[in-house]
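Read the structure below first, then the notes.
The values are calculated or read from the model by the stated rules, or taken from the named source; none is laboratory data. Worth saying up front: this structure is predicted, and the values here are computed from it rather than measured. Reconstructed Cβ throughout: ideal geometry from the backbone, glycine too, with neighbour counts over all protein chains shown.
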Amino acid sequence: MKRLVLKSGRPIVATIISALIIGLATAQSPKNGSKGLVFKGKAPINKETLKVKLPRAYEAKLGNGLQIVVLEQHKLPTFTMQMILLSGGMSDPQGAHGAAQFTGSLLREGTKTQSSREIAEQAEAQGSANFANATVSLSDSRITASGLVENFDQMVELFADVILNPSFPDAEFNKFKTRSLAQLRQQRSDPRFLAREMFAKVMYGSHPASRESLAIEEIQGMSPEVVKKFHAINYKPNNAIFAIVGDVKPSELVAKLEKVFGSWQRGDVPQATIPKVSQTGPAKIHVVNRASSVQTNLLLGNLTIERKDPDYYALDVMNGVVGGGASGRLFLNLREDKGYTYGAYSGFSAERYVGTFRANAEVRTEVTKGSMDELLYEFKRIRDEKVPQEELERAKRTIIGFFAVQLEYPQELLNNIITQKLYDLPADYWDNYAQRIAAITPEDVQRVAKKYIDLDHLQVVAVGDASKIADVLKQYGTVEIYDTEGKPIKSSGGGK
């Protein structure tokens, strides 16, 4: 589930599902915040908890240690395959942040026998959609390809070639560096990126999870030698999982995989050491000065849990109540009632290291104070008051409904299996997920709210015109001001 939740909140699909499940909200009394909203036109809901026994994947292992996960789905003559390398940004060598990201992104830009153009032409001729996902703060790297099963043999050979035999040619390497620098310049003009970047730094400090993107000097300092070394050390079959879903037969598939990946030599791979996340310190406001901005991007939150923590279910439901979609309190309060923003949401993350719970809203500059007041009001309310049973049931049904829709998509079923394996969750984890969500009580929600919404250590990031919002934000605590490169400008005392 973790990978299906955006850092800024629940995805748009969940928002649509929220609307389908709970119906429309109508403002009755603007003076009472989201309490003044009542739900009308509610769609009928089957109160029977979703009970499923999900299909089990076929699992095998090649002689070289490559794990195979196969999920058969014969409705359509298609497939999607992934190679998950258990080394991502967390495995970047000291002084070479970005090695995993560069490696994954450059795999298809040339092999020992094929140029970047030839690889692209082959993929196009086969109707293949393929890409890599390796970021600076994740624990794994993924290469994905999909297409029609009639082209599987050719596609898996190309897939294996780019994973096993990349050449990382200088010309393509330099092009990627140029594109990365241009992308970073573009990102730095986006207030949402600036908010995420500062929030990650504030929450994680020197921890590897603090990296939202590479710095200019890190991109410029990357070399083909570093990438080739990262690939040689980490791209080993005993450090990988091959996962596939689609119109395939396991026995035939394993034989083909033995043919294309059997010669891949296993080797010792150093395990990434993920440091413990340190506490953030007292509450503080971090203003990123974006001169002349007409809006303020607010992002605030606390550290929470690791993925295997038993509080995951209660935190999921609490997030749904507070701001997990269009039915959440933040949306109903700041948008529907106050009209401060187009949307206000919350979200949470949980990895092998401690994640975060956070709320975000993009508001007009002149309502920065009002928005902060309402965000803090909702944070205090979820801590101080038990959620009414009807509201709790709506939130739980939304989460379960979103989960039920996912079960219709084979790729999401496979992603769930991968998540279960990567985090060493029980084999029946997803079979019981809906029941675990349904069992959450108002007491559970209030307990995790008090535990993980820590107002004494709440960190607030505000991206906007500092000349207009810094003094306003002083009443909420000490204010530190930064430029858009993340460099400190000055600090200012404050607090009620």
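So which residues in the range 101-118 are more than 29 Å from the chain's Cα centre (by Cα) and crowded, with 24+ Cβ neighbours inside 10 Å? Selection gives nothing.
Yes/no matrix, rows are residues, columns are (1) within 20 Å of residue 328 (Cα to Cα); (2) crowded, with 20+ Cβ neighbours inside 10 Å; (3) among the aromatic types (Phe, Trp, Tyr); (4) not assigned by TED's automatic domain parsing to the domain that holds residue 471:
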{"position": "344", "(1), (2), (3), (4)": "yes, yes, no, no"}
{"position": "348", "(1), (2), (3), (4)": "yes, yes, yes, no"}
{"position": "359", "(1), (2), (3), (4)": "yes, yes, no, no"}
{"position": "370", "(1), (2), (3), (4)": "yes, no, no, no"}
{"position": "376", "(1), (2), (3), (4)": "yes, no, no, no"}
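I'd like the full set of residues that are assigned to a helix (DSSP H, G or I) and either under 30 Å from residue 296 (Cβ atoms) or not β-branched (Val, Ile, Thr) (or both), limited to the range 162-172. Scanning the range 162-172 gives 164, 170, 171, 172. Apart from one condition, residue 391 fits all of (1) more than 21 Å from residue 456 (Cα to Cα); (2) touching a helix residue (DSSP H, G or I) at 6+ places or on another chain (Cβ under 6 Å); (3) not in a loop (DSSP other than H, G, I, E, B); the exception is (2).
Listed by first and then second residue, the pairs linking a residue in the range 403-429 that is charged (D, E, K, R) to a residue that is assigned to a helix (DSSP H, G or I), with Cβ atoms under 7 Å apart and 6 or more places separating them unless they lie on different chains, are 412/406. Taking the conditions (1) in a loop (DSSP other than H, G, I, E, B); (2) in contact with a Leu (Cβ under 9 Å, 6 or more places away or on another chain); (3) over 21 Å from residue 175 (Cα atoms); (4) at pLDDT 90 or above in turn, residue 64 satisfies each one other than (2). So is residue 414 out of contact with any Asp or Glu (no Cβ under 6 Å at 6 or more places or on another chain), closer than 29 Å to residue 321 by Cα and part of a helix (DSSP H, G or I) or not? Yes. Among the residues examined, residue 369 qualifies as in contact (Cβ under 8 Å) with a residue 60 or more places away in the chain and part of a helix (DSSP H, G or I). Of the residues in the range 78-92, at least one is surrounded by 19 or more Cβ atoms within 10 Å (Cβ to Cβ), of a type outside the set (A, V, I, L, M), assigned to a loop (DSSP other than H, G, I, E, B) and out of contact with any strand residue (DSSP E or B) (no Cβ under 9 Å at 6 or more places or on another chain).
Where helices (runs of 4 or more DSSP H) sit wholly within the range 173-270, those with at least 3 residues that are out of contact with any Gly (no Cβ under 8 Å at 6 or more places or on another chain) and more than 30 Å from residue 482 (Cβ to Cβ) occupy 224-234, 250-261. Tallying residues that are at pLDDT 95 or above and surrounded by 24 or more Cβ atoms within 10 Å (Cβ to Cβ) within the range 320-340 yields 10.
I need the full set of residues from the range 427-441 which are part of a loop (DSSP other than H, G, I, E, B) and β-branched (Val, Ile, Thr), in order please. 440, 441 - these are the residues of the range 427-441 that are part of a loop (DSSP other than H, G, I, E, B) and β-branched (Val, Ile, Thr).
Could you grab me the full set of residues in the range 123-143 that are assigned to a helix (DSSP H, G or I) and either buried (at least 17 other Cβ atoms within 10 Å of the Cβ) or in the same structural domain as residue 351 (by TED's automatic domain parsing) (or both)? Result: 123, 126.
To keep it simple, each residue is scored yes or no on (1) modelled with pLDDT under 95; (2) under 26 Å from residue 418 (Cβ atoms); (3) among the charged types (D, E, K, R).
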{"site": "4", "(1), (2), (3)": "yes, yes, no"}
{"site": "16", "(1), (2), (3)": "yes, yes, no"}
{"site": "26", "(1), (2), (3)": "yes, no, no"}
{"site": "52", "(1), (2), (3)": "yes, yes, no"}
{"site": "71", "(1), (2), (3)": "no, yes, no"}
{"site": "94", "(1), (2), (3)": "yes, no, no"}
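Consider the range 238-256 and keep the residues that are within 30 Å of the chain's Cα centre (by Cα) and of a type in the set (A, V, I, L, M, F, W, C). The one that is farthest from residue 79 (Cα to Cα) is 240.
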